[in-house]
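> For reference, the structure I am asking about is given below.
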Amino acid sequence: MSYNHRLATLEDTNAIASLMAACNQERAAMDPTRNLKPDFDVV
């Protein structure tokens, strides 16, 4: 499998933000000591 990478651009903001939000929610579900703010904005 070949992997190509590149620097993120401003057009990638929404995709990255949704991935970060999902990652944070998953980690918070596994670790009860992690408290996420309800208005946390990853953008």
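The values are calculated or read from the model by the stated rules, or taken from the named source; none is laboratory data. Everything quoted here is computed from the prediction, not taken from an experiment. Note that each Cβ is placed from the backbone with ideal geometry, even for glycine, and that neighbours are counted across all protein chains shown.
> Is one or more of the residues making up the stretch 3-12 exposed (fewer than 10 other Cβ atoms within 10 Å of the Cβ) and part of a helix (DSSP H, G or I)?
yes
> Within the stretch 1-13, which residues are modelled with pLDDT of 90 or more and of a type in the set (S, T, N, Q)?
Correct list: Thr9, Thr13.
> Specify which of the listed residues (Arg34, Arg27) is surrounded by 11 or more Cβ atoms within 10 Å (Cβ to Cβ) and either on the phi > 0 side of the Ramachandran plot or in a loop (DSSP other than H, G, I, E, B) (or both).
Just one listed residue meets the conditions, Arg34.
> Still on this model: Would you mind telling me which numbered condition in (1) at pLDDT 90 or above; (2) within 14 Å of the chain's Cα centre (by Cα) Ala29 fails?
With (1) at pLDDT 90 or above; (2) within 14 Å of the chain's Cα centre (by Cα) applied to Ala29, the lone miss is (2).
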